Amino acid sequence: MATKRLSVGRRGFLKSAVAVVATARVAPSSATAQDSPTTANQNWLALTREAALEPQLAIVDPHHHFWDVADRTPERYLLAQLVADAKGHNVRQTVFIECGSMYRADGPEEFRVVGETEFVQGIAAESASGRYGDLRAAAGIVGAADLRLGDRVAPVLEAQIAASPQRFRGIRHGGAWAEPGVLPNGSVATRGSNRPAVVPHLLLDPAFRRGYAHLRTYGLSFEGWVYHTQIAELTDLAKAFPDTTIIFNHLGGPIGVGQYAGRRDQVFAAWKSAVAELARCPNVVAKVGGIQMVVNGYGWHERKQPPTSDELLAANRDWYLYMIDRFTPARCMFESNFPVDRLSCSYTVLWNQFKKLTKDFSASDRSAMFRDTASRVYRLPRS
């Protein structure tokens, strides 16, 4: 029997969680009923303050987004907002990851995704002027393309590279989906019609794989964004195309809501087995982070006060250490996933937990995870 498609996007999780943040939580005294969700979130984050640890430690943040959209939280996240969040930590460079921003309004449908790269290329040039400090935002850019176009995706890839020849590095065609009923209704949203579609078992689809085969031709990597139930499909893809680099996003999206709420130990056991098999593929590297989303089930956004770095680390330590053990530091990179994870914690607190996690690691291993792996994989200029 055919499975009804259920696409689960970040926008749905954010909209659902914003309602909780704005109504279920006791607002700080400086907030008013007229505050936007963005202001409410900012005031809430301010309730937990930490100084950035080891402020000289060089960081490349390999996963964040830019957007200016009314129904996201924050509504606007551009260079100024990123610089403000990163203040205190020594973030040298960042990599932008596609999120459906600023697609072209006109022209052939398959080429509209190029508008996002053009948009981010402009932000990168703004950052490179030095006007916003030493941080070089979007030193690498990962865009979107509908790989189900098969061979017809080649000119789209060429257009993406042409839009940012010195920065464009890869493609993300998200594959995270869930069967109907797995996730709470309030956390489910139809994926934007302008973005490449997510369908069941996307990574196994023959048309998708015909398009995927072109990534090697253009020297592009692939961002593997799936839920934990699909990690085996990503492993199959990695084995089928051993010459294409895959960056494993967000620890494989362990689900902690809906049917998986209260089953963290079971999810962890299944996740470990799948991750161990994926890590055997030498063409896969891993991003360590990105599990403070609503779908991960920690419920940080429902608290009266956001978590400290110690609280984050207590919740995440076992997941992080297992990833690092299986992939090794040379194949791991810490990520912020901002501003998506901003719904749960501040940028300062997030990176403080990574620094605390690795305080007993060697200097070379720490350098790999905070900077060197990302620089190598995304071929960034030394900064």
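The values are calculated or read from the model by the stated rules, or taken from the named source; none is laboratory data. A quick note: this is a predicted structure, and the numbers were derived from the prediction, not measured. Positions of Cβ are backbone-derived with ideal geometry, glycine not excepted, and every protein chain shown enters the neighbour counts. SASA here: full protein model, heavy atoms, side chains in, ligands and nucleic acids out. Shrake-Rupley method; radii C 1.70, N 1.55, O 1.52, S 1.80 Å.
Tell me yes or no: at least one residue of the stretch 142-150 is within 19 Å of HIS214 (Cβ to Cβ), open to solvent by 40 Å² or more (accessible area, probe 1.4 Å) and either outside any helix (DSSP H, G or I) or at pLDDT 95 or above (or both).
Yes, that holds for at least one residue.
Condition first: surrounded by fewer than 16 Cβ atoms within 10 Å (Cβ to Cβ) and at pLDDT 95 or above. Can you find one or more residues in the stretch 188-199 that meet it?
Among the residues of the stretch 188-199, not one is surrounded by fewer than 16 Cβ atoms within 10 Å (Cβ to Cβ) and at pLDDT 95 or above, which makes the answer no.
Could you run through the stretch 39-78 and say how many residues are in contact with an Asp or Glu (Cβ under 6 Å, 6 or more places away or on another chain) and either of a type outside the set (D, E, K, R) or in contact (Cβ under 8 Å) with a residue 60 or more places away in the chain (or both)?
Total meeting the criteria: 2.
Please find, among GLY181, GLY133, the residue that is open to solvent by less than 40 Å² (accessible area, probe 1.4 Å) and either at pLDDT below 95 or in a loop (DSSP other than H, G, I, E, B) (or both).
Unique residue meeting the criteria: GLY133.
What tally of residues in the stretch 280-314 results from selecting those that are touching a residue at least 12 places away in the same chain (Cβ under 8 Å), buried (at least 17 other Cβ atoms within 10 Å of the Cβ) and not in a loop (DSSP other than H, G, I, E, B)?
13
Here is a list: ALA124, ALA84, ALA144. Which entry is closer than 26 Å to ASP205 by Cβ and hydrophobic (A, V, I, L, M, F, W, C)?
ALA144
Among residues belonging to the stretch 30-59 that are farther than 17 Å from SER346 by Cα and modelled with pLDDT of 95 or more, point out the one that is least open to solvent (accessible area, probe 1.4 Å).
ALA58
Cβ-Cβ distance below 8 Å, separation of 6 or more or different chains: which pairs start in the stretch 345-372 with a residue that is touching a residue at least 40 places away in the same chain (Cβ under 8 Å) and hydrophobic (A, V, I, L, M, F, W, C) and end on one that is open to solvent by 40 Å² or more (accessible area, probe 1.4 Å) and part of a helix (DSSP H, G or I)?
Once the first residue is touching a residue at least 40 places away in the same chain (Cβ under 8 Å) and hydrophobic (A, V, I, L, M, F, W, C) and sits in the stretch 345-372, its partners that are open to solvent by 40 Å² or more (accessible area, probe 1.4 Å) and part of a helix (DSSP H, G or I) give LEU357/ARG317; LEU357/LEU321.
Identify the single condition in (1) of a type in the set (A, V, I, L, M, F, W, C); (2) closer than 19 Å to ARG382 by Cα; (3) surrounded by 24 or more Cβ atoms within 10 Å (Cβ to Cβ) that ALA125 does not satisfy, given that it satisfies every other one.
With (1) of a type in the set (A, V, I, L, M, F, W, C); (2) closer than 19 Å to ARG382 by Cα; (3) surrounded by 24 or more Cβ atoms within 10 Å (Cβ to Cβ) applied to ALA125, the lone miss is (3).
Do we find a residue being within 15 Å of the chain's Cα centre (by Cα) and touching a residue at least 12 places away in the same chain (Cβ under 8 Å) anywhere in the stretch 175-186?
yes
If you check GLU335, GLU277, which single one turns out to be open to solvent by less than 10 Å² (accessible area, probe 1.4 Å), within 18 Å of PRO254 (Cβ to Cβ) and acidic (Asp, Glu)?
Of the residues listed, the single one that is open to solvent by less than 10 Å² (accessible area, probe 1.4 Å), within 18 Å of PRO254 (Cβ to Cβ) and acidic (Asp, Glu) is GLU335.
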